[in-house]
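Everything on this sheet refers to the single structure shown next.
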Amino acid sequence: MKGFIKYVAAELGLGHPGEDPPNICAGTDRFAMFKVGPVLSVSHGMGMPSIAIMLHELFKLLYHARCSGVTIIRIGTSGGIGLEPGSVVITRQAVDAYFKPEFEQVVLGKRVVRPTDLDERLAQELSECAKDLREFKTVVGNTMCTLDFYEGQGRLDGALCCYTERDKQAYLQAAHAAGVQNIEMESSVFAAMCSACGLRAAVVCVTLLDRLEGDQICSPHNVLAEYQQRPQRLVVHFIKKCLVGA
């Protein structure tokens, strides 16, 4: 998060070269938060429970700060399905492991289901930014959000595995046929909470591997580091366009 906010500062011409932005949440080890100009950069941990906690606290902060016109974009990494490593996916819908566009939660012993639609116009604007850059392959598609990294994503290399390579391939092919372009572990609750609170939101993730080809990431560290910068470059280009038009 600090690296991203320093990149934002440099691209927007804010602050001074080499300046180290302070962590607003330094008093706690829950999350890290940095701010430069109109941009807030927050870590959210791994998985839906962690990002849900962060979003509850972030939304309360935005409310009490009387912020308006807020756009929230999650950037991160993912596993692709039928995409070459390094491709960037802008999420159209977050779907669950059954390929349904919904997020289910138990509240006071009752099943609560919320839709996981994301802002279509925002996704289109980000797609147009990718066309401006013309630096890497970018697609708009569905993102499958799972409860864990191993069995939930059909990996064969976890501590537990009760299925075969054929079973895995059949499931991933079914996901791909349902419009799923990538897999991660946060988008469903992110989309559901942003929608429920009336916030304009998007998810932009780079793929580190094609899950149809295997479970292990084989790219060298320097290549992976460059891949992870791609969503950042896209989102910063979007921010710059927004500020110019403001």
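Under a 10 Å cutoff between Cα atoms, tell me which one of Met185, Met46, Met144 has the largest fluctuation in the Gaussian network model of the chain. Its mean-square fluctuation being the largest, the pick is Met46. Could you check which residue among Lys168, Lys110, Lys35 shows the biggest mean-square fluctuation in a GNM of the chain with a 10 Å Cα cutoff? So, out of Lys168, Lys110, Lys35, the one fluctuating most is Lys110.
Rounded to the nearest 20 debye, the dipole magnitude of segment 182-246 is 480 debye, with +1 charges on Lys and Arg beta carbons, -1 on Asp and Glu beta carbons, and the Cα centre as origin. Coupling constants for segment 112-122 follow from the phi torsions by the Karplus curve (6.51 cos²θ - 1.76 cosθ + 1.60, θ = phi - 60°), and in residue order they are 10, 10, 10, x, 10, 6, 10, 5, 5, 5, 5 Hz; glycine and proline get x.
Its relative contact order, with pairs defined as Cα atoms under 8 Å and 6+ residues apart, puts the chain at 27 percent.
Of all the options Val180, Val107, Val204, the one that moves most in a Gaussian network model of the chain with Cα springs shorter than 10 angstrom is Val107.
Classified by the C-alpha gyration tensor, segment 1-90 has an oblate form. Its axis ratio a/c, with a ≥ b ≥ c, is 1.5 or above, and a/b does not exceed b/c. Across the protein chains, with a 1.4 Å probe defining accessible surface, the residues Thr28, Thr143 rank Thr28, Thr143 from largest area downward.
Two-decimal Rg/Rh of segment 77-222 from alpha-carbon positions, Kirkwood Rh? Could you put the intermediate results ahead of the total?
Working: Rg = 15.6 Å, Rh = 15.9 Å.
That ratio is 0.99, to two decimals.
Check the straight Cα-Cα distances from Lys168 and name the lysines below 23 Å, setting aside those fewer than 8 residues away within the same chain. The qualifying lysines are Lys100.
About its Cα centre, what dipole magnitude does the chain give when the only charges are +1 on Lys and Arg Cβ and -1 on Asp and Glu Cβ, stated in debye to the nearest 20? The partial results should precede the final answer.
Working: 25 positive and 27 negative charges, 149 e Å.
Dipole size: approximately 720 debye.
Please work out the Cα center distance from segment 37-83 to segment 132-185, rounded to the nearest Å. Taking the Cα centre of segment 132-185 as reference, the centre of segment 37-83 is 22 Å away. Counted over the chain, the DSSP beta bridges are approximately 45% antiparallel.
Rule-of-thumb check for segment 138-246: C-alpha Rg over 2.2 N^0.38 Å?
Details: Rg = 16.5 Å, N = 109, 2.2 N^0.38 = 13.1 Å.
It is 1.26.
Along the axis of the charge dipole computed for segment 1-109 (Cβ charges of +1 for Lys and Arg, -1 for Asp and Glu, origin at the Cα centre), the listed residues Gln93, Pro38, His16 are led at the positive end by Pro38. The charge dipole of segment 1-69, taken about its Cα centre with unit charges on the Cβ of Lys, Arg, Asp and Glu (plus for the first two, minus for the last two), comes to roughly 180 debye.
Take the alpha carbon atoms of the chain, find their radius of gyration, then divide it by 2.2 N^0.38 Å using N residues; give the quotient.
Details: Rg = 18.1 Å, N = 246, 2.2 N^0.38 = 17.8 Å.
My calculation over the Cα atoms of the chain gives 1.02.
Using a cut-off of 24 Å between Cα atoms, the listed pairs Lys2/Lys131; Lys2/Lys60; Lys137/Lys241 include Lys2/Lys131 as exceeding that distance. Among the GluC sites (Glu not before Pro) within segment 100-184, those in coil by DSSP and having at most 13 neighbouring Cβ atoms inside 10 Å are Glu135. A simple rule links phi to the HN-Hα coupling: the Karplus curve 6.51 cos²θ - 1.76 cosθ + 1.60 with θ = phi - 60°, which for segment 92-104 gives 7, 9, 8, 10, 8, 5, 9, 6, 9, x, 8, 10, 9 Hz, with x for Gly and Pro. A 1.4 Å probe run over the protein chains yields, for segment 149-202, 45 Å² of accessible area per residue, whole-number rounding. I need the phi-derived Karplus couplings for segment 83-90: 6.51 cos²θ - 1.76 cosθ + 1.60, θ = phi - 60°, integer Hz, Gly and Pro marked x. Whole-Hz 3J(HN,Hα) from phi for segment 83-90: 10, 6, x, x, 6, 10, 10, 9.
How much of the accessible area of the chain, in percent, comes from carbon and sulfur atoms when a 1.4 Å probe is used?
Roughly 55 percent of what the probe reaches on the chain is carbon or sulfur.
The values are calculated or read from the model by the stated rules, or taken from the named source; none is laboratory data. Values in this document were obtained by computation on a predicted structure and should not be read as measured data. With ideal geometry, Cβ positions are generated from the backbone for all residues, glycine too; neighbour counts draw on all protein chains shown. Keep in mind that these areas ignore ligands, DNA and RNA; they rest on the heavy atoms of the full protein, side chains included. Shrake-Rupley method; radii C 1.70, N 1.55, O 1.52, S 1.80 Å.
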